[in-house]
Amino acid sequence: MSPNEVRRTAFWQGVRGIAPMLVSLGAWGVVAGVAMAKVGLGLWLSLAMSMLVFAGSAQLTALPLIAAGAPIWLIFGAVFIVNLRFVIFGAVLHPFFRHYSPGRRIFLGFVNTDASFIKFMADHNHLNGPALRSQTWYFVGSGVICWLMWQTSTVVGVLLGSAIPSSWSVEFAAVLALIAMLVPMCAARPALLAVVVASFVSWLTQPLPLRVGLLLAVIAGIVAGYWADVRIERLKQQEGRP
(Lines give C-alpha, C1' and ligand atoms only; values in the text may rest on other atoms or scores of the structure.)
Protein backbone atom coordinates (compact mmCIF):
# COMPACT_ATOMS: atom_id res chain seq x y z
CA MET A 1 0.00 0.00 0.00
CA SER A 2 1.42 3.38 -1.03
CA PRO A 3 1.89 6.21 1.52
CA ASN A 4 -1.06 8.10 0.03
CA GLU A 5 -3.30 5.04 0.33
CA VAL A 6 -2.18 4.55 3.96
CA ARG A 7 -3.05 8.16 4.80
CA ARG A 8 -6.39 8.02 3.02
CA THR A 9 -7.41 4.70 4.56
CA ALA A 10 -6.38 5.74 8.08
CA PHE A 11 -8.11 9.14 7.72
CA TRP A 12 -11.44 7.53 6.84
CA GLN A 13 -11.03 4.95 9.59
CA GLY A 14 -10.78 7.87 12.01
CA VAL A 15 -13.91 9.42 10.50
CA ARG A 16 -15.85 6.16 10.80
CA GLY A 17 -14.56 5.58 14.34
CA ILE A 18 -15.82 8.92 15.61
CA ALA A 19 -19.06 8.90 13.52
CA PRO A 20 -21.37 7.57 16.30
CA MET A 21 -20.48 10.62 18.41
CA LEU A 22 -21.15 13.20 15.69
CA VAL A 23 -24.89 13.44 16.38
CA SER A 24 -24.21 14.40 20.00
CA LEU A 25 -21.47 16.79 18.91
CA GLY A 26 -23.85 18.36 16.41
CA ALA A 27 -26.50 18.91 19.10
CA TRP A 28 -23.86 20.55 21.29
CA GLY A 29 -22.84 22.79 18.36
CA VAL A 30 -26.44 23.86 17.72
CA VAL A 31 -26.77 24.86 21.38
CA ALA A 32 -23.54 26.89 21.15
CA GLY A 33 -24.81 28.57 17.97
CA VAL A 34 -28.14 29.46 19.59
CA ALA A 35 -26.28 30.89 22.59
CA MET A 36 -24.11 33.06 20.32
CA ALA A 37 -27.19 34.33 18.49
CA LYS A 38 -28.91 35.18 21.79
CA VAL A 39 -25.87 37.20 22.88
CA GLY A 40 -26.08 39.12 19.61
CA LEU A 41 -22.75 38.23 18.01
CA GLY A 42 -24.26 37.83 14.57
CA LEU A 43 -23.42 35.23 11.95
CA TRP A 44 -19.89 36.32 11.01
CA LEU A 45 -18.62 36.92 14.53
CA SER A 46 -20.20 33.64 15.62
CA LEU A 47 -18.48 31.79 12.78
CA ALA A 48 -15.15 33.44 13.59
CA MET A 49 -15.46 32.46 17.25
CA SER A 50 -16.50 28.92 16.38
CA MET A 51 -13.73 28.37 13.83
CA LEU A 52 -10.92 29.87 15.91
CA VAL A 53 -11.90 28.83 19.43
CA PHE A 54 -13.38 25.41 18.51
CA ALA A 55 -14.25 24.52 22.11
CA GLY A 56 -17.88 24.29 23.13
CA SER A 57 -17.40 24.53 26.88
CA ALA A 58 -15.09 27.53 26.46
CA GLN A 59 -17.56 29.28 24.16
CA LEU A 60 -20.50 28.68 26.49
CA THR A 61 -18.38 29.92 29.40
CA ALA A 62 -17.38 33.11 27.59
CA LEU A 63 -20.79 34.07 26.17
CA PRO A 64 -22.59 34.94 29.43
CA LEU A 65 -19.56 36.98 30.50
CA ILE A 66 -19.56 38.81 27.16
CA ALA A 67 -23.29 39.50 27.51
CA ALA A 68 -22.75 40.83 31.04
CA GLY A 69 -19.97 43.17 29.86
CA ALA A 70 -17.32 41.46 31.98
CA PRO A 71 -13.72 42.71 31.64
CA ILE A 72 -11.62 40.95 29.04
CA TRP A 73 -9.19 39.55 31.62
CA LEU A 74 -12.04 37.79 33.40
CA ILE A 75 -13.35 36.27 30.16
CA PHE A 76 -9.90 35.00 29.19
CA GLY A 77 -9.27 33.74 32.72
CA ALA A 78 -12.50 31.75 32.84
CA VAL A 79 -11.96 30.26 29.37
CA PHE A 80 -8.34 29.43 30.22
CA ILE A 81 -9.37 27.48 33.30
CA VAL A 82 -12.14 25.59 31.48
CA ASN A 83 -9.72 24.61 28.69
CA LEU A 84 -6.88 23.54 30.98
CA ARG A 85 -8.01 19.96 30.52
CA PHE A 86 -6.45 20.12 27.04
CA VAL A 87 -3.07 20.62 28.68
CA ILE A 88 -3.63 17.24 30.33
CA PHE A 89 -4.78 15.72 27.04
CA GLY A 90 -1.72 17.16 25.30
CA ALA A 91 0.62 15.73 27.92
CA VAL A 92 -0.94 12.28 27.43
CA LEU A 93 -0.63 12.53 23.63
CA HIS A 94 2.90 13.96 23.65
CA PRO A 95 4.75 10.60 23.60
CA PHE A 96 2.83 9.62 20.45
CA PHE A 97 3.34 12.83 18.46
CA ARG A 98 6.58 14.30 19.84
CA HIS A 99 8.55 13.29 16.73
CA TYR A 100 6.62 15.79 14.59
CA SER A 101 7.58 19.41 14.00
CA PRO A 102 6.08 22.10 16.30
CA GLY A 103 3.79 23.27 13.49
CA ARG A 104 2.31 19.82 12.97
CA ARG A 105 1.89 19.31 16.70
CA ILE A 106 0.04 22.62 16.94
CA PHE A 107 -2.31 21.45 14.19
CA LEU A 108 -2.88 18.12 15.95
CA GLY A 109 -3.60 20.01 19.16
CA PHE A 110 -6.06 22.31 17.40
CA VAL A 111 -8.17 19.48 15.94
CA ASN A 112 -8.10 17.56 19.21
CA THR A 113 -11.45 17.29 20.99
CA ASP A 114 -12.69 15.46 24.06
CA ALA A 115 -14.32 12.85 21.81
CA SER A 116 -11.36 12.33 19.45
CA PHE A 117 -8.92 12.13 22.37
CA ILE A 118 -10.98 9.48 24.16
CA LYS A 119 -11.56 7.52 20.94
CA PHE A 120 -7.88 7.61 19.98
CA MET A 121 -6.74 6.48 23.42
CA ALA A 122 -9.33 3.70 23.49
CA ASP A 123 -8.28 2.37 20.07
CA HIS A 124 -4.51 2.89 20.48
CA ASN A 125 -3.85 2.33 24.18
CA HIS A 126 -1.33 -0.36 23.22
CA LEU A 127 1.10 2.25 21.89
CA ASN A 128 4.40 2.42 23.76
CA GLY A 129 6.14 4.98 21.56
CA PRO A 130 5.69 7.37 18.63
CA ALA A 131 2.54 6.89 16.60
CA LEU A 132 2.80 5.37 13.15
CA ARG A 133 1.73 7.37 10.10
CA SER A 134 -1.56 5.46 9.92
CA GLN A 135 -2.32 6.12 13.59
CA THR A 136 -1.59 9.82 13.18
CA TRP A 137 -3.93 10.08 10.21
CA TYR A 138 -6.58 8.21 12.18
CA PHE A 139 -6.35 10.97 14.78
CA VAL A 140 -6.45 13.67 12.08
CA GLY A 141 -9.53 12.10 10.47
CA SER A 142 -11.47 12.00 13.72
CA GLY A 143 -10.46 15.56 14.61
CA VAL A 144 -11.17 17.13 11.21
CA ILE A 145 -14.65 15.60 10.92
CA CYS A 146 -15.43 16.88 14.43
CA TRP A 147 -14.31 20.37 13.36
CA LEU A 148 -16.52 20.25 10.26
CA MET A 149 -19.52 19.01 12.24
CA TRP A 150 -18.99 21.73 14.82
CA GLN A 151 -18.92 24.51 12.21
CA THR A 152 -21.99 23.16 10.40
CA SER A 153 -24.06 22.74 13.55
CA THR A 154 -22.97 26.14 14.85
CA VAL A 155 -24.28 27.80 11.69
CA VAL A 156 -27.59 25.96 12.12
CA GLY A 157 -27.77 27.14 15.74
CA VAL A 158 -27.04 30.76 14.83
CA LEU A 159 -29.69 30.74 12.12
CA LEU A 160 -32.24 29.15 14.46
CA GLY A 161 -31.32 31.34 17.42
CA SER A 162 -33.79 34.13 16.74
CA ALA A 163 -36.65 31.65 16.29
CA ILE A 164 -36.11 29.73 19.55
CA PRO A 165 -37.59 31.31 22.70
CA SER A 166 -35.29 31.59 25.70
CA SER A 167 -37.96 29.83 27.78
CA TRP A 168 -37.13 26.58 25.98
CA SER A 169 -33.82 26.34 27.89
CA VAL A 170 -32.05 24.66 24.98
CA GLU A 171 -28.84 24.69 27.05
CA PHE A 172 -30.13 21.49 28.64
CA ALA A 173 -29.81 19.80 25.22
CA ALA A 174 -26.05 20.24 25.52
CA VAL A 175 -26.08 18.21 28.72
CA LEU A 176 -28.10 15.47 27.02
CA ALA A 177 -25.70 15.51 24.07
CA LEU A 178 -22.70 15.05 26.34
CA ILE A 179 -24.43 12.20 28.18
CA ALA A 180 -25.18 10.48 24.86
CA MET A 181 -21.53 10.88 23.90
CA LEU A 182 -20.28 9.62 27.25
CA VAL A 183 -22.41 6.54 27.90
CA PRO A 184 -20.93 4.34 25.10
CA MET A 185 -17.45 5.04 26.49
CA CYS A 186 -18.26 3.64 29.93
CA ALA A 187 -18.22 -0.04 28.98
CA ALA A 188 -14.80 -0.60 30.58
CA ARG A 189 -14.50 -0.44 34.36
CA PRO A 190 -11.64 2.14 34.38
CA ALA A 191 -13.74 4.51 32.26
CA LEU A 192 -16.78 4.01 34.47
CA LEU A 193 -14.74 4.71 37.61
CA ALA A 194 -13.29 7.82 35.99
CA VAL A 195 -16.80 9.12 35.24
CA VAL A 196 -18.05 8.42 38.76
CA VAL A 197 -15.06 10.10 40.41
CA ALA A 198 -15.13 13.10 38.06
CA SER A 199 -18.88 13.54 38.59
CA PHE A 200 -18.50 13.44 42.37
CA VAL A 201 -15.61 15.93 42.36
CA SER A 202 -17.51 18.20 39.97
CA TRP A 203 -20.56 18.19 42.27
CA LEU A 204 -18.39 18.74 45.35
CA THR A 205 -16.52 21.72 43.84
CA GLN A 206 -19.51 23.60 42.41
CA PRO A 207 -19.05 26.63 44.72
CA LEU A 208 -15.53 27.32 43.36
CA PRO A 209 -15.29 30.37 41.06
CA LEU A 210 -14.50 30.39 37.33
CA ARG A 211 -15.41 26.71 37.02
CA VAL A 212 -12.18 25.60 38.65
CA GLY A 213 -14.12 22.56 39.80
CA LEU A 214 -14.31 21.36 36.19
CA LEU A 215 -10.52 21.21 35.97
CA LEU A 216 -10.27 19.41 39.32
CA ALA A 217 -12.92 16.93 38.20
CA VAL A 218 -11.02 16.20 34.98
CA ILE A 219 -7.77 15.62 36.87
CA ALA A 220 -9.49 13.39 39.46
CA GLY A 221 -11.22 11.37 36.73
CA ILE A 222 -8.00 10.81 34.78
CA VAL A 223 -6.12 9.75 37.92
CA ALA A 224 -8.90 7.36 38.94
CA GLY A 225 -9.17 5.84 35.48
CA TYR A 226 -5.39 5.43 35.18
CA TRP A 227 -5.19 3.83 38.63
CA ALA A 228 -7.98 1.39 37.78
CA ASP A 229 -6.39 0.50 34.44
CA VAL A 230 -3.00 -0.19 36.05
CA ARG A 231 -4.65 -2.18 38.84
CA ILE A 232 -6.57 -4.37 36.40
CA GLU A 233 -3.43 -5.03 34.34
CA ARG A 234 -1.53 -6.09 37.45
CA LEU A 235 -4.31 -8.45 38.47
CA LYS A 236 -4.32 -9.99 34.99
CA GLN A 237 -0.55 -10.52 35.15
CA GLN A 238 -0.85 -12.14 38.56
CA GLU A 239 -3.53 -14.49 37.27
CA GLY A 240 -1.56 -15.22 34.10
CA ARG A 241 -4.22 -13.83 31.79
CA PRO A 242 -3.39 -11.97 28.54
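The values are calculated or read from the model by the stated rules, or taken from the named source; none is laboratory data. Not measured: the values here are computed from a predicted model. For neighbour counting, all protein chains shown are included, and Cβ atoms are generated from backbone atoms with ideal geometry for every residue, glycine included. Surface accessibility is based on the protein's heavy atoms, side chains included, excluding ligands, DNA and RNA. Shrake-Rupley method; radii C 1.70, N 1.55, O 1.52, S 1.80 Å.
Data table
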| item | result |
| --- | --- |
| Using a Förster distance of 22 Å, the FRET efficiency for residue 148-residue 68 (Cβ separation, nearest 0.05) | 0.10 |
| For residue 9, net neighbour charge (Lys/Arg +1, Asp/Glu -1) across residues whose Cβ lies under 12 Å away | +3 |
| Largest-first ordering by accessible area, 1.4 Å probe, given options 144, 82 | 144, 82 |
| ³J(HN,Hα) computed for each position of the range 195-201 - Karplus, 6.51 cos²θ - 1.76 cosθ + 1.60, integer Hz, glycine/proline x | 5, 4, 5, 4, 5, 5, 5 |
| Accessible surface, 1.4 Å probe, highest first, among residues 52, 43 | 52, 43 |
| Net charge of Cβ neighbours under 15 Å - reference residue 22; Lys, Arg +1; Asp, Glu -1 | +1 |
| Kirkwood hydrodynamic radius of the range 18-66, from inverse mean 1/r over distinct Cα pairs, in Å | 11.1 |
| Gain upon complete extension [residue 230, residue 88; 0.36 nm per residue less C-alpha separation] | 49.3 nm |
| Neighbour net charge for residue 99 - beta-carbon separation under 14 angstrom, K R +1, D E -1 | +4 |
| Prolate/oblate/rounded label for the range 11-105 (Cα gyration tensor, a/c 1.5) | oblate |
| Cα gyration tensor shape for the range 53-148, rounded if a/c is under 1.5, else prolate or oblate | prolate |
